[in-house]
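The block underneath contains the structure these notes are about, expressed in structure tokens.
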Amino acid sequence: MMEGLGLRESNKARTRLAISDVATRLFIERGFEHVTVAEIAEAAQVSVKTVFNYFSSKEDLFFDRIDDVRDVLLDAVRARPDGTGALEALRAILADRLVPFDPAGWRSLRDPDRYEQFRSFLATEHAAPALRARRLVVAEQWTDAFAELFEAELRSAPRDARVLAALVTGLMGLRERELSAAMLERASPRTVERRVRAVVDEGFARLAQAYAP
């Protein structure tokens, strides 16, 4: 029974990834707003219904790993070593990694093909108002998630937890904008990393000072 369930879940994960990969390729090639869900389904050799079984909207096809980003950040706080503050745990993940769920850190940018692939992904988002609007919605959702986390982990009052969550989410948005700007300028991998680290380190240093025990 469990083995069968594992196989079904693996097949579902592979199908979801295959659909997402096709969608991302089409979005990059043609622009997000010029690709329909029907065209994605046809290219992925599935039905439109199947696409919507896995993704609730076209925007979700683009931000297919956004929940992974959130979960890694929340887990970094929950699983932080004794003596490590919540803000430091978040700073380390956001400074040491290109994307939070990738433990390889910044190494992928040194591969020219992967650099260009990631740059194209960011350029696609930058060119699509619907995707930029969706990122604002995601930020609101993350503020709620971080507020709950800080209230539980730091035993903060609900209002204090929400203020801190909003500041952290805002800083993450600033990080994303700095990363996108550097990539779209085709800055060197070292420069991209340096610019993002500077924003993250300064921002969290100021937050840590403001929220010192």
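Values in this text are rule-based calculations from the coordinates and carry no lab data. Nothing here was measured: the structure is a model prediction, and the numbers come from that model. Virtual Cβ from ideal backbone geometry, glycine too; neighbours counted across all protein chains shown.
Worth a mention:
- Rounded to the nearest 10 degrees, the angle from helix 66-78 to the longest Cα principal axis of the chain is 30 degrees.
- Spatial offset of region 101-180 relative to region 12-53 amounts to 24 Å, using the alpha carbon center of each.
- DSSP-assigned coil residues among trypsin sites (Lys or Arg not before Pro) in region 1-90, each with at most 16 further Cβ atoms within 10 Å: ARG65
- In loop segments of region 130-209 as defined by DSSP, the trypsin sites (Lys or Arg not before Pro) with at most 13 further C-beta atoms inside 10 Å of their C-beta are ARG155, ARG186.
- Relative contact order, percent, region 43-166 [alpha-carbon distance under 8 Å, six or more residues apart]: 17
- Calculated volume of the Cα convex hull per residue in Å³ (choose from (1) 105; (2) 151; (3) 127), label: (2)
- In loop segments of region 61-113 as defined by DSSP, the chymotrypsin sites (Phe, Trp or Tyr not before Pro) with at most 16 further C-beta atoms inside 10 Å of their C-beta are PHE101.
- Taking the chain and dividing mean pair separation by its residue count, relative contact order in percent (alpha carbons under 8 Å, at least six apart): 18
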